[in-house]
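Engineer: Sharing a structure below in structure tokens format, with a few things to ask.
The values are calculated or read from the model by the stated rules, or taken from the named source; none is laboratory data. Just so it is clear, the model here is predicted, and its values are computed rather than measured. Neighbour counts run over all protein chains shown; Cβ positions are idealised from the backbone, glycine included. Please note that ligands, DNA and RNA were not included when accessible areas were found on the heavy atoms of the full protein model with its side chains. Shrake-Rupley method; radii C 1.70, N 1.55, O 1.52, S 1.80 Å.
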Amino acid sequence: GLPAVAPGLPAVAPGEARRTSCLGRRFAYPLWTAVAMVPFALLPYPATAALWVALNAAAALGGTLLALRAAGGPWRAAPLTIALVAASQPFALTVWSGQIDGLVAGLIGLSAWALARGWDARAGIALALGLLKPQLVVVTVPAIAARALALHRPRALGGLAVGGGVLLAASLAVRPGWIGPWLDETTGARLAVARLLPTAWGFAADLT
């Protein structure tokens, strides 16, 4: 179910019924993610669920093709590339769990494609929107920013700043004090989620 407690709000009192995500007391995404999801809350649940799964899958596969083209891959490689992604564990987990990963993958692919075409500002904005799930781009965003700075591509930095600024402004308009409680939540019990996931972090947690 959807989290009952958003960032910046007090935790549910003991004994009260609550619906939360797998760990923690509060919504663990930045508040701008919840703000971006508001349109989906206006639809009946079955329609929203179907739309969300379709959007995630389409974004993931579309982003894959854009990344292929950004790397100079030929269109004849597209069927095999799509098949590999569609058969992968991360794709299956995204569809099964309803996570936002597919949408973020699409934004990253769009950003890579735009950078390859010299559309730096659009690339920066697309990458900034990937902050809807910041743990997926915690390395990518600084790396792209550093590369843009080194290559004297200020429009990419500007796009990053504009996209990130819009997300931040929208969230602060809803609840100005959300950042502190969110940091408290995400640097606490939520870190235990990492060991459950098929990532290098989870692998290290299992071994060490």
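Engineer: What does the stretch 80-208 give for Rg and for Dmax, in Å, if only its C-alpha atoms count?
Structural biologist: Expressed in Å, the Cα Rg and Dmax of the stretch 80-208 come to 16.6, 47.
Engineer: Spin-label point model (7 Å from Cα, Cβ direction): what's the Gln99 to Leu172 distance in nm?
Structural biologist: 3.0 nm
Engineer: Sticking with this structure for a sec: Using 7 Å Cα-to-Cβ label points, what is the Leu51/Thr199 separation (nm, one decimal)?
Structural biologist: Distance between the two pseudo-spin positions: 2.9 nm.
Engineer: Quick one: what are the phi-derived ³J(HN,Hα) couplings along the stretch 63-68, Karplus 6.51/-1.76/1.60 with θ = phi - 60°, whole Hz, x for glycine and proline?
Structural biologist: Along the stretch 63-68, the couplings run x, 4, 5, 5, 5, 4 Hz.
Engineer: Now a separate question. So what is the accessible area of the stretch 110-160 per residue, in Å², with the probe set to 1.4 Å?
Structural biologist: Result: 53 Å² of accessible area for each residue.
Engineer: Once both labels are modelled 7 Å past Cα along the beta-carbon direction, what's the Arg117-Asp206 spacing in nm?
Structural biologist: Roughly 4.0 nm, to one decimal.
Engineer: Can you give me the Rg/Rh ratio for the stretch 22-105, using Cα atoms for both radii and the Kirkwood formula for Rh? Don't skip to the answer; put the middle values down first.
Structural biologist: Details: Rg = 15.1 Å, Rh = 14.4 Å.
Reported Rg/Rh, Kirkwood definition of Rh: 1.05.
Engineer: Turning to a different aspect of this structure: Please list 70-80, 140-150, 154-164 highest first by mean number of surrounding beta-carbon atoms within 10 Å per residue.
Structural biologist: Listed from highest to lowest mean packing, they are 154-164, 140-150, 70-80.
Engineer: Probe radius 1.4 Å, ligands and nucleic acids ignored: give me the carbon and sulfur share of the accessible area of the stretch 13-165 as a rounded percent.
Structural biologist: Here carbon and sulfur together make up 71 percent of the probe-accessible area.
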